[in-house]
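Asks: The structure that follows is given in the form of structure tokens.
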Amino acid sequence: MKRYGIRLTALLLALLLTATVCGCAPKIDGPDGGDVQPLDGEVPVDLNGYEFTVLDFDSGRWNREASGTPFYDAWLQVLDEVESLYNCTITATYKAPSEMFNTVQPEVAAGGKCADLIISTEWQFGEYLGANMMLDLNELDVNWDNEWWNQSVRKTTTYNNKSYVGGGSFIFDTAKTWLCYVNKAVWEENGFEDPYELVDSGRWTYDKFREYARTATRDNDGSGKPDSSEDIYGVVASDADLCDAWFQAMGGHFFKADEKTGHVKLACNTPRTYEIVEKMYNMIQKDNVYGFLGYGEVEHVQQFIGGGALFYCYMVGKDGLQDMEDDWFVLPMPKFDEKQEEYLSGVDHNSSVFGVTNTNEDLREVSILLEAIGRHAMILEQIFWPDYRDTYWRDSESERIVSEYVVGHGQHDLALIMANCGAAFQAPRGRLFQTVFKQAGPDYSSYIDTVEDAIEMEIQDFFEYDD
């Protein structure tokens, strides 16, 4: 996650807000001799010096050595407040995602908890689930309906009436949620309508996305089709990640838990799914609007920065765009059609999720401190977005668009989280990519018909369903 320096006033405003909501709660001495007050509705508990341990892959979190910017200073504030109010210490160790399983598994197998909180990427976290190492988070004395917990993660990863995967304020997923960057000069040259009225009216749909991409595409080098960096493309992006985000933006899911039984079921075997895939296939394979510029992200962003694309799809915050000569603005990922109730998007598989190992016996302390950290870490996103406002956005409306249509609209799917748990979880997602961006052909439905029974059987075996 990229973080940029911002004016000190942003931090001061956030601190003022925190002080405002604290009310008249009792004061507690802070680590520097100052006063720390509980937040509104908070009742601190003396944990007698308990050490709350975290295993994380991102050294930017929990790190007392990282300071000097408002965002990092806000992290220090969170740690200091929780430690002072609850008489505890919070310590973290860091491992790369590829190394985390080999760190956690031996300790859990030996009966140890490894750490009170395990934070990893979505794609890696499934290894813990496959090894049956994680606690049902509902066993904790935590109110998961509180505003600091991510309800999309909770809903998606609740299956068999249990929840093993969490998301929240200290690992907010907005910065890993996909959207569309738009070259303002290319947009205006083509006479497209006001983009914000288009979004606000609910008319920013796949059909508009496709129409505008086709209109903007140019074969500048005269080769007969857009196929080089000299041409202008309707869309550039990292193809596999775009495939996931685009599919979910139009309401697609690979797997879902059945509302009655809680059992995980294949969810991409529906007529609506096949319509979504057909739309994606037509735009990429028939319209020639997508820039096949290699596998590296560098080629895509450079094409956009150089004025060679109308849309660049990526997560919030991309290095290089700050220095782009042309102005740009952002739009949410387009809806399937105007009947779709809200704008959605996919959250990247590198986003953070957390869990607690099922060998952890300190559930009282973990419950208390998870609620405390979640509550106090609400300040982090309040700091993060002013950062973008002051140093990143090129258009005054971009912050509003993200706030209203991107924050909280990111979707999650078990196919991304369980990617390393077996072929059944990989198959429908992999075939979608091969259909839309490779040469598998347009008939996604026939493929699903062929493999559906095998996938369902493997899922039943994986989750040990009796039926």
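Asks: Say whether the condition of being in contact (Cβ under 8 Å) with a residue 24 or more places away in the chain, closer than 30 Å to Thr91 by Cβ and touching a helix residue (DSSP H, G or I) at 6+ places or on another chain (Cβ under 7 Å) is met by at least one residue in the stretch 327-347.
Replies: Yes - at least one qualifying residue is present in the stretch 327-347.
Asks: Out of all the residues in the stretch 313-328, which are of a type outside the set (A, V, I, L, M) and either within 22 Å of Cys243 (Cα to Cα) or open to solvent by 10 Å² or more (accessible area, probe 1.4 Å) (or both)?
Replies: Cys313, Tyr314, Gly317, Lys318, Asp319, Gly320, Gln322, Asp323, Glu325, Asp326, Asp327
Asks: Let me ask something additional. Please work out which residue is nearest to Leu135 (Cα to Cα), limiting yourself to the stretch 341-363 and to residues that are of a type in the set (A, V, I, L, M, F, W, C) and out of contact with any Lys or Arg (no Cβ under 7 Å at 6 or more places or on another chain).
Replies: The qualifying residue nearest to Leu135 (Cα to Cα) is Val356.
Asks: Considering only residues that are assigned to a strand (DSSP E or B) and either open to solvent by less than 10 Å² (accessible area, probe 1.4 Å) or touching a helix residue (DSSP H, G or I) at 6+ places or on another chain (Cβ under 8 Å) (or both), which ones fall in the stretch 257-299? Full working, then the answer.
Replies: Filtering the stretch 257-299 for residues assigned to a strand (DSSP E or B) gives 257, 264-266, 290.
Result: Val264, Lys265, Leu266, Tyr290.
Asks: Identify the residue in the stretch 39-62 that is open to solvent by 40 Å² or more (accessible area, probe 1.4 Å) and among the polar types (S, T, N, Q) and, among all such residues, is nearest to Thr121 (Cα to Cα).
Replies: Filtering first and then ranking leaves Ser59.
Asks: Let me ask another. Taking the stated definitions as given, is Gly252 crowded, with 22+ Cβ neighbours inside 10 Å and in a loop (DSSP other than H, G, I, E, B)?
Replies: yes
Asks: Among the candidates Ala109, Ala115, Ala19, Ala96, single out the residue that is hydrophobic (A, V, I, L, M, F, W, C), modelled with pLDDT of 75 or more, surrounded by fewer than 16 Cβ atoms within 10 Å (Cβ to Cβ) and farther than 30 Å from Gln322 by Cα.
Replies: None of the other options fit; the residue is Ala109.
Asks: Please specify each residue of the stretch 422-459 satisfying the condition of being open to solvent by less than 60 Å² (accessible area, probe 1.4 Å), in a helix (DSSP H, G or I), without any contact (Cβ under 8 Å) to a residue 40 or more places away in the chain and not aliphatic (A, V, I, L, M).
Replies: Answer for the stretch 422-459, where residues must be open to solvent by less than 60 Å² (accessible area, probe 1.4 Å), in a helix (DSSP H, G or I), without any contact (Cβ under 8 Å) to a residue 40 or more places away in the chain and not aliphatic (A, V, I, L, M): Gly430, Ser446, Tyr447.
Asks: If I filter the stretch 126-154 down to residues being in contact (Cβ under 8 Å) with a residue 60 or more places away in the chain and within 18 Å of the chain's Cα centre (by Cα), which single residue comes out as surrounded by the fewest Cβ atoms within 10 Å (Cβ to Cβ)?
Replies: Restricting to residues being in contact (Cβ under 8 Å) with a residue 60 or more places away in the chain and within 18 Å of the chain's Cα centre (by Cα), the top hit is Glu147.
Asks: Confirm whether Thr69 is touching a residue at least 24 places away in the same chain (Cβ under 8 Å) and closer than 24 Å to Cys114 by Cα.
Replies: no
Asks: Then there is this: For the stretch 321-377, how many residues are under 30 Å from Tyr392 (Cβ atoms) and of a type in the set (Lys, Arg)?
Replies: First, pick out the residues of the stretch 321-377 that are under 30 Å from Tyr392 (Cβ atoms): 321-336, 340-354, 373-377.
With the extra rule that they be of a type in the set (Lys, Arg), the set shrinks to 335, 375.
Selection size over the stretch 321-377: 2.
Asks: Same structure, new question: Would you mention how many residues in the stretch 186-215 are among the hydrophobic types (A, V, I, L, M, F, W, C) and over 29 Å from the mean Cα position of the chain (by Cα)? Break it down stepwise before answering.
Replies: Taking the stretch 186-215 as the starting set, the residues that turn out to be among the hydrophobic types (A, V, I, L, M, F, W, C) are 186-187, 192, 198-199, 204, 209, 213.
Pick out the ones that are also over 29 Å from the mean Cα position of the chain (by Cα) and you get 192.
Summing the residues that are among the hydrophobic types (A, V, I, L, M, F, W, C) and over 29 Å from the mean Cα position of the chain (by Cα) in the stretch 186-215 gives 1.
Asks: Can you name the residue in the stretch 381-420 that is part of a helix (DSSP H, G or I) and touching a His at 6+ places or on another chain (Cβ under 9 Å) and, of all such residues, is surrounded by the fewest Cβ atoms within 10 Å (Cβ to Cβ)?
Replies: Leu414
Asks: Would you be able to say whether some residue in the stretch 169-188 is without any contact (Cβ under 8 Å) to a residue 24 or more places away in the chain and surrounded by fewer than 23 Cβ atoms within 10 Å (Cβ to Cβ)?
Replies: Yes, some residue in the stretch 169-188 is without any contact (Cβ under 8 Å) to a residue 24 or more places away in the chain and surrounded by fewer than 23 Cβ atoms within 10 Å (Cβ to Cβ).
Asks: Take residues that are under 21 Å from Phe437 (Cα atoms) and tell me which of the helices (runs of 4 or more DSSP H) falling wholly in the stretch 134-245 contain 3 or more.
Replies: Hits in the stretch 134-245: 206-216.
Asks: State the number of residues belonging to the stretch 342-380 that are in contact with a strand residue (DSSP E or B) (Cβ under 8 Å, 6 or more places away or on another chain), surrounded by fewer than 22 Cβ atoms within 10 Å (Cβ to Cβ) and polar (S, T, N, Q).
Replies: Summing the residues that are in contact with a strand residue (DSSP E or B) (Cβ under 8 Å, 6 or more places away or on another chain), surrounded by fewer than 22 Cβ atoms within 10 Å (Cβ to Cβ) and polar (S, T, N, Q) in the stretch 342-380 gives 3.
Asks: If I ask for residues that are of a type in the set (S, T, N, Q) and open to solvent by 60 Å² or more (accessible area, probe 1.4 Å), which ones from the stretch 300-312 would you list?
Replies: Here is the first cut: in the stretch 300-312, the ones of a type in the set (S, T, N, Q) are 302-303.
Selection gives Gln302 alone.
The values are calculated or read from the model by the stated rules, or taken from the named source; none is laboratory data. It should be emphasised that the depicted structure is a prediction, and the values quoted were computed from it without experimental measurement. So basically every Cβ, Gly included, is an ideal-geometry build from the backbone, and we count neighbours across all protein chains shown. Accessible surface areas use protein heavy atoms only, side chains included; no ligands, DNA or RNA. Shrake-Rupley method; radii C 1.70, N 1.55, O 1.52, S 1.80 Å.
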